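A quick write-up on the structure given underneath.
All of the numbers you see were taken from the coordinates with simple rules; none came from a lab. Every value quoted in this text rests on a predicted model; they were computed, and no experiment measured them. Note that each Cβ is placed from the backbone with ideal geometry, even for glycine, and that neighbours are counted across all protein chains shown.
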Amino acid sequence: MIAIVSSFLMTTNSRQILRKAAGWVHDHPDGWLNMIGAAIGVLTAVGAVLFAKGLLAVEHWTEGLQDEISAGMGSGWWLIPLIPMVGALLTGLIVYFFAREAGGHGVPQVLDAIVRKGGAIPAKTGVVKVIASICTVGTGGSGGAEGPIVQIGAVTGSVIARRLGVPRRHVITLLGCGAAAGISSIFNAPIAGVFFALEILLRDFSLKTFMPIVIASVFATAMTQVILGDNEAIFATHLPNYVFSAFELPSYIVLGLLCACGAWLFTICIERGEAVFGRMRLHPILKPVLGAFLLGILGIIGMNLFAMIENGNILGDHGANPSFFGNGYSVITHLLDPATYIEGEFMWGAIAVLGLLVFAKILATTFTLSSGGSGGVFAPSLFTGATIGGTFGLLLDKLGLIAEGSSPASYALVGMAAVVAGTTFAPMTAILILFEITREPRVLGPIMLAAIVSTSLTRKLMPDSIYTAKLRRAGVRIGTSRDLSVLRHVPVASVKYDALPREPVYASDPLSKLITLHAHHNVPDFPVIDHEGHYIGMVTGSDMRTALIDREAIPLLLVAELMRTDIPTITADEHLDTVMEKFTKSDVSSLCLLDQFGQMNPIALITREKVMVRYNDVLDEG
């Protein structure tokens, strides 16, 4: 789909149309952005459906192949690592030779394109990501569809925007349209798609950004429903007897804390795994193969261990593959069914199996994605949350602490949202997507509570989400809400400042005095005061350097001849948003800080560098 769109946009006739369209977009940006967003939504939905069907076909083919070989040759345990290794080898070859940025879980690459590349993503990245993800996840690799589909949608939006000649400030918005459309289509969750793009990718909730993204998301959802002919939630859940009560508040708070620990462990394992595989002296093509081999060994151990524990069939029947292979959707569906949790003599075994499955899924995803396999972390996060919640719910049930009418299934559902919120630092997206993919409103209150608790704790445990940790290691810093909300809440008084020289500078002083003061105090600029101590202007370092070109004139120049009166001043009660605006308008390296009592007396110099240092410190604090 991406290749077809890209090739069409390169034809001669289409270029003429694009030039006219670019002029229309320039003259009427809002309306045309909405129309382009709708087109991106439709195209992304088609690509998402083709990707999902291709992935499902490969999954069925590999399962059938394994069953066929096992039937003909007896025990097929040796196939558990072999088939994922073949898929990993294909992934390594495709990624290495065609688009090396298509490895991993996708979203960090999109964030990097937004922050450092103005939203530019090559078309081949999306094509390679589709094929590589199908090879990885379709053969048993532990990953999900959201990372690939976000990258596919982002590439579609980026390619269309750049081919249309859309101004750079709008390219990122259209990239967000594609990402939102991808999430909306693959999960049938239009609201969550919008918030994924705004809360995780763009971090911009302005109306001009919001409108085209909503339109893209709606069109993608509608197109997907037209193609597939249904409007079902992918994890349709029914808890008819459930009623949320105040007595369950402590339980869901504890679950939120447990899920935060799970989210932290998940993120740390992915991060450390990437570091370990990155240091290995092994060819990049072979690293995913090694990861798949470790996944297979883990699968063999897991299947034998689970078979030894009498668990009352808590995982259901999932064929020859370990339950933590692939995207794990069948296990999640099973854990969200209240009929799964029927108390019996094997309940302790079921608790043990689900508890072990939490760690198995985290390790499986680490082996798959940190080694260079292609897939998303969203589905593994849902799986981890469902197993943590199911384990906790079963434990409460066993101890007789679960509320009447409740079920461990409700805890599994809430756990999914809590782990997603903890790994992504995006509680709104987690809350909305869990509501849309389950369509179960009775658990909305507990979902909101656990998601906020989980996010609050994980932000204390680690500085970065699972999407931004890799970028920080590469030196890329991610702001929030276009950074404006951060600037609005940081007072100037919290910025470190440069003290003024004790000797005041008057307009009647010779310029040579400033040169002497600069040599002794290394002050970039000099506020000028009148004889009552009131600020009247400033001499900048750049103006002084210009004057030094004619050294013979220096003894004859006075401060008044270089003093500028058009440079704004600041007071301690201002915030960094207004300060940065003043820096932008005046184009100077420092501004004079005056007292707050109306006396216009200079106190210190606030430099642009110190403001940015303080701003970065606030970002690090979260």
Under the helix-only model (-39500 (n - 2.57) for each DSSP H run of 4 or more, divided by the residues of the chain), the mean residue ellipticity at 222 nm, to 500 deg cm²/dmol, is -21000 deg cm²/dmol
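I want the antiparallel fraction of DSSP beta bridges within the chain, as a percent rounded to 5.
Taking every DSSP beta bridge with both residues in the chain, the antiparallel ones total about 75 percent.
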If you put +1 on each Lys and Arg Cβ and -1 on each Asp and Glu Cβ, how big is the dipole of region 485-621 around its Cα centre, in Debye rounded to 20? 180 debye
Net charge, Thr458 excluded, C-beta distance under 14 Å - Lys, Arg +1, Asp, Glu -1: 0
Helix runs (DSSP H) in the chain reaching 30 Å along axis by Cα, Kyte-Doolittle at least 0.0: 29-73, 207-228, 249-279, 287-308, 347-370, 378-399
Please give the contour-minus-distance gain from Lys53 to Phe205: 0.36 nm per residue of separation, less the Cα-Cα distance, rounded to one decimal in nm. 51.4 nm
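Based on Cβ point charges of +1 for Lys and Arg and -1 for Asp and Glu, what charge dipole magnitude is obtained for the chain about its Cα centre, in debye rounded to the nearest 20? Intermediate results must be reported in sequence, preceding the final value.
Working: 42 positive and 48 negative charges, 347 e Å.
Once rounded to the nearest 20, the dipole reads 1660 debye.
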If you take the charge dipole of the chain about its Cα centre, with +1 on Lys and Arg Cβ and -1 on Asp and Glu Cβ, which of Ile160, Leu249, Phe210 is farthest toward its positive end? Ile160
Net length gained if the chain between Lys460 and Lys610 were fully extended (0.36 nm per residue, minus Cα distance): 51.4 nm
Along principal axes, largest first, the alpha-carbon spread of region 507-622 in whole Å comes out as 53, 31, 26
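Going highest first, how would you order 216-222, 586-592, 187-193 by mean Cβ packing within 10 Å? Could the numbers behind the result be given before it?
On the way: 216-222: 27.4, 586-592: 19.4, 187-193: 25.1.
Ranked by mean Cβ neighbours within 10 Å, highest first: 216-222, 187-193, 586-592.
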In debye, nearest 20: dipole of region 230-369 around its Cα centre with unit charges on the Cβ of K, R (+) and D, E (-)? 860 debye
Roughly how many nanometres apart are two label points built 7 Å out from the Cα toward the Cβ at Ser245 and Leu399? 1.8 nm
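Taking every DSSP beta bridge that has both residues in region 526-622, what percent is antiparallel when rounded to the nearest 5?
Details: 10 of 13 bridges.
Antiparallel bridges: around 75 percent, rounded to the nearest 5.
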How much length is gained on full extension from Ile515 to Glu532, taking 0.36 nm per residue of separation minus their Cα-Cα distance? 3.8 nm
At a Förster radius of 45 Å, what calculated FRET efficiency corresponds to the Cβ-Cβ distance of Ile268 and Glu552, to the nearest 0.05? 0.10
Got a sec? How would Phe383, Phe266 order by Cβ neighbour count within 10 Å, fewest to most? Phe266, Phe383
So how do 531-538, 37-44, 442-449 stack up, highest first, on mean other-Cβ count within 10 Å? 37-44, 442-449, 531-538
Choose one of Thr62, Val331, Phe266: the residue whose Cα lies farthest towards the positive end of the charge dipole of the chain (beta-carbon charges +1 Lys, Arg; -1 Asp, Glu; about the Cα centre). Thr62
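Assign one of three labels to region 246-478, namely rounded, prolate or oblate, based on the Cα gyration tensor with a ≥ b ≥ c the square roots of its eigenvalues; rounded applies when a/c is under 1.5, prolate when it is not and a/b is larger than b/c, and oblate otherwise. Provide the component values of the computation, followed by the final result.
Numbers: a/c = 2.23, a/b = 1.26, b/c = 1.77.
Oblate, because a/c is 1.5 or more while a/b does not exceed b/c.
Pairs Lys117/Lys582; Lys129/Lys208; Lys117/Lys496; Lys585/Lys610: which exceed 25 Å Cα-Cα?
Details: Lys117/Lys582 27 Å; Lys129/Lys208 30 Å; Lys117/Lys496 32 Å; Lys585/Lys610 18 Å.
Pairs exceeding 25 Å: Lys117/Lys582; Lys129/Lys208; Lys117/Lys496.
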Would you mind putting 227-239, 282-294, 415-427 in packing order, based on average other-beta-carbon counts within 10 Å, highest first? 415-427, 282-294, 227-239
How far apart, in nm, are two points set 7 Å out from the Cα along the Cα-to-Cβ line at Arg473 and at Ser542? 4.0 nm
For Leu558, distant residues with modelled amide H under 5 Å away: Leu511
